[in-house]
1. Any idea which residue in region 164-193 is most open to solvent (accessible area, probe 1.4 Å), counting only those that are aliphatic (A, V, I, L, M) and at pLDDT 75 or above?
2. May I ask you to list the residues in region 98-114 that are at pLDDT 90 or above and either within 11 Å of the chain's Cα centre (by Cα) or polar (S, T, N, Q) (or both)?
3. Just name the residue that is farthest from ALA75 (Cα to Cα) out of those in region 103-141 that are open to solvent by less than 40 Å² (accessible area, probe 1.4 Å) and not in a strand (DSSP E or B).
4. Determine whether region 151-160 contains at least one residue that is modelled with pLDDT under 85, open to solvent by 70 Å² or more (accessible area, probe 1.4 Å), in contact with a Leu (Cβ under 7 Å, 6 or more places away or on another chain) and over 19 Å from ALA46 (Cβ atoms).
5. Which ones in region 1-14 are in a helix (DSSP H, G or I) and either at pLDDT 70 or above or surrounded by fewer than 12 Cβ atoms within 10 Å (Cβ to Cβ) (or both)?
6. Taking the conditions exactly as written (free of Cβ contacts under 8 Å to residues at least 12 places away in the same chain and touching a Gly at 6+ places or on another chain (Cβ under 7 Å)), does VAL123 satisfy them or not?
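The values are calculated or read from the model by the stated rules, or taken from the named source; none is laboratory data. Computed from a predicted structure; not experimentally measured. Backbone-built Cβ (ideal geometry, glycine too); neighbour counts: all protein chains shown. Note: accessible area is taken over every heavy atom of the protein model, side chains too, but ligands, DNA and RNA are not part of it. Shrake-Rupley method; radii C 1.70, N 1.55, O 1.52, S 1.80 Å.
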Amino acid sequence: AAARIAAARKAETAKGKGRAAIFDAKLDVNVSAPNHVFVHGRGVDAELGGSVHVGGTTNNPVPKGAFSLFRGKMAMLGKTLTFTKGNLSFNGDLAPELDFAAEIQASDITAQIGISGPAAAPVFAFSSQPQLPQDEILSRILFQKASGSLTTAQALQLAEAAASFASGGEGTLDRMRRSLGVDSLDVSTGTGGPMVGASRTIGDRLSVGV
């Protein structure tokens, strides 16, 4: 990256002196990956596969194509939701667009979570059958009961979760996963208490997890 920046600056200087601009090659590259394309962040842990064609030039690449869900889940304060749909699409820009959906039976409702928009600033939308406000949907997902029945500690957790989805900041699990260097990090609750799982892909057909 530093070399490209230096070359670009040199080219700008050269233009003023009548020199030729730096070499700008045309691209015609197909990238195919049946899996091992990972999406992490905000509790999302998904693996995708597909193909993308990269056109344009080396100075202005134009990727077009998409990767579709191979498998994936989303962690929310110990609750794990399985994705029913997932697409990561490139429409001429290096920043991909997200289109993910997950569903869970929560208390007396069926809750859906949609993730859309650019990967750098995803938008989370909560809906349910029957229809409820988003904070009520979150309360049922996290605690299996209405927000009016929560304890003070649970109400604070609910507020923190709602603020996290609205702010777009990096979550604690994402920072831990990145610092540990693993592809997947999951914290959930089981019959014997809390459980932590981690895994890392070490080859095309091999991954190790605990």
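1. Residue satisfying both the conditions and the ranking: LEU180.
2. LEU98, ASP99, PHE100
3. So in region 103-141, the residues open to solvent by less than 40 Å² (accessible area, probe 1.4 Å) come out as 104, 106, 109-111, 113-115, 117, 122, 124, 126, 128, 136-141.
Filter once more, so that each one left must be not in a strand (DSSP E or B): 122, 136-141.
Details: PRO122: 16, GLU136: 18, ILE137: 15, LEU138: 13, SER139: 15, ARG140: 15, ILE141: 11 Å.
The qualifying residue farthest from ALA75 (Cα to Cα) is GLU136.
4. Looking for residues that are modelled with pLDDT under 85, open to solvent by 70 Å² or more (accessible area, probe 1.4 Å), in contact with a Leu (Cβ under 7 Å, 6 or more places away or on another chain) and over 19 Å from ALA46 (Cβ atoms), one finds at least one in region 151-160, hence yes.
5. Let us first name the residues in region 1-14 that are in a helix (DSSP H, G or I), namely 2-14.
Result: ALA2, ALA3, ARG4, ILE5, ALA6, ALA7, ALA8, ARG9, LYS10, ALA11, GLU12, THR13.
6. Numbers: free of Cβ contacts under 8 Å to residues at least 12 places away in the same chain: yes; touching a Gly at 6+ places or on another chain (Cβ under 7 Å): yes.
Spelling it out, VAL123 is indeed free of Cβ contacts under 8 Å to residues at least 12 places away in the same chain and touching a Gly at 6+ places or on another chain (Cβ under 7 Å).
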